[in-house]
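Novice: Sharing a structure with you now.
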Amino acid sequence: MKKAVLTLVFLCVCVVSFAQSQPQVGDVLEVNAPKGEHYNHIDFPRLNILVKRGKLASYKPVINHKVLIDSVFTKENKTYVVLKKKDGTKFFGLQTTVEADYQKALESGELTIVNP
């Protein structure tokens, strides 16, 4: 009987933790600095494209900014999110939204979940 109860409790905990890891439209995330030279899991423009468009070759304008999840979709068993800035302005003055691989961006530290 103990084993059945413990198994049931364990399954409930697993289901609840899996449900919390799924992104929802309207969740708030924070953009962190990339580990290397550029972002690997967030689809920001490359630095050379920013220079060609007359902007500074730096990701500093988006670091530590809050973003909202605008939409969520799944492609090839990966969860992707479309992000937009919380204040409504454009990323680098060019793009209103960007795509990100949700799980990999969280694992690499490029995005963090902001607790409400």
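Just so you know, all these numbers are worked out from the coordinates, no wet-lab data involved. Treat the numbers as computed from the prediction; the structure is a model and nothing was measured. Positions of Cβ are backbone-derived with ideal geometry, glycine not excepted, and every protein chain shown enters the neighbour counts.
Novice: Given H placed on each backbone N at 1.01 Å, which residues far from residue 65 in sequence or on other chains put an amide H within less than 5 Å of it?
Specialist: Result for residue 65 returns 31.
Novice: Only loop residues by DSSP count here, and only those with at most 16 other Cβ atoms within 10 Å; note down the trypsin sites (Lys or Arg not before Pro) in the stretch 63-92 that meet that.
Specialist: Sparse-neighbourhood loop trypsin sites (Lys or Arg not before Pro): 86, 90.
Novice: A further question on this structure: Would you kindly derive the ³J(HN,Hα) couplings of the stretch 67-81 from the backbone phi angles with the Karplus curve 6.51 cos²θ - 1.76 cosθ + 1.60 (θ = phi - 60°), listing them in order in whole Hz, with x for Gly and Pro?
Specialist: Along the stretch 67-81, the couplings run 10, 9, 7, 8, 7, 10, 8, 10, 9, 6, 6, 10, 9, 10, 10 Hz.
Novice: Could you list, in their original order, any pairs among 2/104; 52/75; 35/84; 35/90; 52/90 whose Cα atoms are separated by more than 27 Å?
Specialist: Table pairs above 27 Å Cα-Cα are 2/104; 52/75.
Novice: I'm a student and want to see the number: the projected area of the Cα convex hull of the stretch 24-113, averaged over all directions, in nm².
Specialist: Seen from a random direction, the Cα hull of the stretch 24-113 projects 5.6 nm² on average.
Novice: Further question: Run the simple label-point estimate for residue 96 and residue 65 please: 7 Å along Cα→C-beta, distance reported in nm.
Specialist: Result: 1.5 nm between the two label points.
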